[in-house]
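Reviewing the structure listed below.
Just so you know, all these numbers are worked out from the coordinates, no wet-lab data involved. All values derive from a computational prediction rather than experimental measurement. Cβ: placed from backbone, ideal geometry, glycine included. Neighbour counts: every protein chain shown.
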Amino acid sequence: MKKVYIRTFGCQMNVHDSEIMAGLLREIGYGITEDMNEADVVLLNTCSIRQKAEEKVYSQLGSLKKLKKERPNLILGVGGCMAQREGGEIFRRSPSVDLIFGTHQICNLPTILNKVIRERRKVMAIEEEKIDQEEVKAYRADKTKAYVAIMRGCNNHCTYCVVPSARGRQRSRPPEGIIKEIENLVEEGYREVTLLGQKVTAYGKDLRGIDFADLLERVNEIEGIEKIRFITSHPRDMSDRLIKTLPRLSRAAEHLHLPVQSGSNRILKAMNRGYNREEYLKIIEKIRSLIPKMSITTDIIVGFPGEREKDFADTLSLMKEVRFASAYMFKYSPRSDTPAERMLDQIPEEIRLKRLHEVIDLQREIIKNNSHLRKEVE
Ligand code: 5AD
Ligand code: SF4
């Protein structure tokens, strides 16, 4: 039996896409291996979110070049977000790569791979497809917790973000397929699901007669599910209706990941986030008044173009005000073909790094004090 090794970079959606790739390749007779050295096919499922993510992939490709020299029959493929955005540039920089397949082409992976093998030539497939891979049976490594994609793409156009170019416009998956998939998972013994989407709170805006609140209620009714999680939420879509639905979901985890990105109204505007600091704080207040124990986590970007000391101070003060249970903190990374990359007043690397260290230190303090508070309550 031929074997495939898949290495995943990036977010949970990518982890799940790799599960779908594994499912598709098993259907055509491949085995999945955790050991790259025994693989006939090595696939990298890549991420473009920041420069560093892409560098990691190129460095992995550098070491794979050696493996390919030792074993010329090894097939090397690059898929996912970076493949979608970079396309043929990957062949130019890494001539040992045999196939490039974008996020829109995952469901065609078996065909593309067979073409490489049969025709003994390089193949690139990055065109947008009408059908997504949703109804394919994913091969999941974890046997109790499952990822379920409820939508793909994003229409938001935050000015720093590659997602619209890496994953295309928002496509919500019809609810029937989602419910059926979760029911099947329950039958297989899964007890926990994480609903995935680049912006789950916008679910249904491209469908008729259903929104994210409705979907959550329907998933909450499925017998046998013990825990429901969902990522990622966007403050822009946190309507009162959705907020009021949350406490009614008996099976939902008391956790909300709600990226704020910045505490400064000037910067939020330049990022095109579609909410301001006051609106964000109001959402947090409403959620906490309904679910006092809700653990709220966030993402923060420092050093966005034009970020002055005053703007950065606003981010620090917002963090102190909200006291997030945890935060993913990043220094702004300019990405090609995004509006922010072309903005004047890019912040020098030393300042971005200094601000990053400052937010990390502050968040560390907050967590220390949060846990101290928790102990007092217990
Ligand atoms: N630079 C730095 N961080 C970014 N993120 C997205 N794009 C960039 C970028 N160009 C962060 C955001 C997002 C998280 C997934 O990654 O905080 O919420
Ligand atoms: Fe990376 Fe974004 Fe693609 Fe996820 S969707 S893999 S975070 S670029």
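For segment 275-378, the spherically averaged projection of the C-alpha convex hull amounts to 7.4 nm². The Rg/Rh ratio for segment 181-254, using Cα coordinates for both the radius of gyration and the Kirkwood hydrodynamic radius, is 0.96. One compactness figure for segment 286-343 is 1.41, namely its Cα radius of gyration divided by 2.2 N^0.38 Å.
Against the empirical curve 2.2 N^0.38 Å, the C-alpha radius of gyration of segment 127-230 lands at a ratio of 1.09.
Compared with the alpha-carbon gap, the fully stretched path from Asp142 to Gln12 is longer by 45.5 nm at 0.36 nm per residue.
If R0 is 41 Å, the Cβ-Cβ spacing of Glu187 and Arg118 corresponds to a FRET efficiency of close to 0.65. As a rough footprinting exposure proxy, the listed residues Asp311, Asp337, Asp17, Asp98 were ranked by other beta carbons within 10 Å of their own, and the order from fewest upward is Asp337, Asp311, Asp98, Asp17. With a cut-off of 14 Å between beta carbons, the residues surrounding Gly87 carry a summed charge of -2, where Lys and Arg count +1 and Asp and Glu -1.
Using a Gaussian network model of the chain whose springs link C-alpha atoms within less than 10 Å, name the residue from Ala252, Ala270, Ala313 with the highest mean-square fluctuation. Judging by the Gaussian network model, the answer is Ala313.
A cysteine counts as unpartnered when no other cysteine's C-beta lies under 4.7 Å of its own; in the chain this applies to Cys11, Cys47, Cys81, Cys107, Cys154. Each Cα pair under 8 Å and six or more residues apart adds its sequence gap; the mean of these over the residue count of the chain is a relative contact order of 12 percent. Ordered by the count of other Cβ atoms within 10 Å of each Cβ, fewest first, Cys11, Cys161 give Cys11, Cys161. A crude spin-label estimate for the pair Asn155 and Glu55, with each label 7 Å from Cα along the Cβ direction, gives 3.7 nm.
Shape descriptor for the chain: Rg over Rh equals 0.98 (Cα atoms; Rh from the Kirkwood inverse mean 1/r). Calculate the translational D of segment 152-304 in whole µm² s⁻¹ from Stokes-Einstein, where the hydrodynamic radius comes from the Kirkwood formula applied to all Cα pairs, the temperature is 10 °C and the viscosity 1.306 mPa s. Here the translational diffusion coefficient equals 97 µm²/s.
Using alpha carbons only, how many degrees (0 to 90, rounded to 10) separate the axis of helix 175-188 from the longest principal axis of the chain? The angle comes out at about 80 degrees.
For segment 248-262 versus segment 134-212, the inter-centroid distance based on Cα atoms is 16 Å.
By the beta-carbon count within 10 Å of each Cβ, the least crowded to most crowded order of Leu246, Leu290, fewest first, is Leu290, Leu246.
Globularity index of segment 3-125 is 0.94 (Cα radius of gyration / 2.2 N^0.38 Å, N = number of residues). For segment 55-213, the orientation-averaged shadow of the C-alpha convex hull comes to 11.3 nm² (one quarter of the hull surface).
For Ser264, the residues whose amide H sits under 5 Å from its own are Thr315, ignoring neighbours fewer than 5 places away on the same chain, with H placed 1.01 Å from N. Sequentially through segment 210-224, phi angles give Karplus couplings (6.51, -1.76, 1.60; θ = phi - 60°) of 8, 10, 5, 4, 4, 4, 4, 5, 5, 5, 4, 7, 5, 4, x Hz, Gly and Pro residues having no value and appearing as x.
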